[in-house]
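This report refers to the structure that appears directly beneath it.
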Amino acid sequence: MDKTVIELIGQLMASNATLQRQAEAGEWDAFLDETAAYTLGMRTLCDIDLTQMAQHNRPLVAARLAQLLENDVQLTRAMQCRLTEIGTELSAMRKSSASAKAYTAV
């Protein structure tokens, strides 16, 4: 079980790094696709009883999980920034649409 958990965490770390790069590059469509796989992996990890892990593997797993959490904080910030950008763009579109309607009504 330990080897499987360590491999899963490694895959999640790689996926997380990919998400970081995509967010930084503004590749939001690819980001969404990668998020689906990442979420599935995280759900799988959450379903595993880590208390059954061998004592000598726990420090490594704890350190990697802490890194994943820190990376998730950064991803959350990137998504919040993107959400703000989308909100600003939608607001501008609504204003533009309202102006166009007012202009054509005259």
Next item on the list: Return one whole number: the accessible area per residue of the chain in Å², for a 1.4 Å probe.
Entry: 70
Margin query: Taking 0.36 nm per residue of sequence separation and subtracting the Cα-Cα distance, how much length would be gained by fully extending the chain between R77 and A62, in nm to one decimal?
Written below: 3.1 nm
Check: Between E24 and T104, 0.36 nm times their residue separation minus their Cα-Cα distance comes to what?
Finding: 24.8 nm
Notebook entry, point to check: Between I48 and E7, 0.36 nm times their residue separation minus their Cα-Cα distance comes to what?
Noted result: 13.5 nm
Check: Roughly how tilted is helix 28-46, in degrees to the nearest 10 and between 0 and 90, from the longest Cα axis of the chain?
Finding: 30
Margin query: What are the ³J(HN,Hα) couplings of segment 17-27, residue after residue, when phi is run through the Karplus curve with 6.51, -1.76, 1.60 and θ = phi - 60°? Round to Hz, x for glycine and proline.
Written below: 5, 4, 4, 4, 4, 5, 5, 5, 8, x, 8
Notebook entry, point to check: Which whole-angstrom value gives the distance between the alpha carbon centres of segment 38-73 and segment 1-31?
Noted result: 13
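The values are calculated or read from the model by the stated rules, or taken from the named source; none is laboratory data. Every value quoted in this text rests on a predicted model; they were computed, and no experiment measured them. Note: areas computed on protein heavy atoms with side chains; ligands, DNA, RNA excluded. Shrake-Rupley method; radii C 1.70, N 1.55, O 1.52, S 1.80 Å.
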